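One structure below.
The values are calculated or read from the model by the stated rules, or taken from the named source; none is laboratory data. Predicted model, so just to flag it, every value in this text is computed and none were measured. Positions of Cβ are generated from backbone atoms using ideal geometry, with glycine treated the same way; all protein chains shown enter the neighbour counts. When the accessible area is computed, the model is the full protein with side chains, heavy atoms only, and any ligands, DNA or RNA have been set aside. Shrake-Rupley method; radii C 1.70, N 1.55, O 1.52, S 1.80 Å.
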Amino acid sequence: MHLAAILGLIAERETSAGQAADRLREQITALTAELGRLDSELADLATTHTTLRDLAADQFTDEDPTIASTPYQQILAVLAAQPTGMRAKDICLAVGVDPA
């Protein structure tokens, strides 16, 4: 085999490997963005969980599992109107509570 043919094969492999690496970098970028979005959603859900638990803590007992407080009923009404879900901040704003 001639040197030119060997160098040609190496060049083809470099091109192929470079294209594969570029595709992987694009996938990593997309996956990193998706992971960031999911981490943000998980943080929002944790905040919502904590907020709802704290709001209901003085209303809920083992003896009476029904939560009938006005704020809790307002939250349920807001969530019922948005079946796809809401962020904790949006729930707070909807019921007139400072989201801080």
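General observations
- Filter pass, ALA88 being at pLDDT below 90 and either polar (S, T, N, Q) or open to solvent by less than 90 Å² (accessible area, probe 1.4 Å) (or both): yes
- Residues that are over 22 Å from ALA88 (Cβ atoms) and open to solvent by 90 Å² or more (accessible area, probe 1.4 Å) within segment 14-46 comprise GLU14, GLN19, ARG23, LEU24, ARG25, GLU26, GLN27, ILE28, THR29, LEU31, listed in sequence order.
- Filtering segment 75-85 to residues that are part of a loop (DSSP other than H, G, I, E, B) and surrounded by 11 or more Cβ atoms within 10 Å (Cβ to Cβ) leaves GLN82, GLY85.
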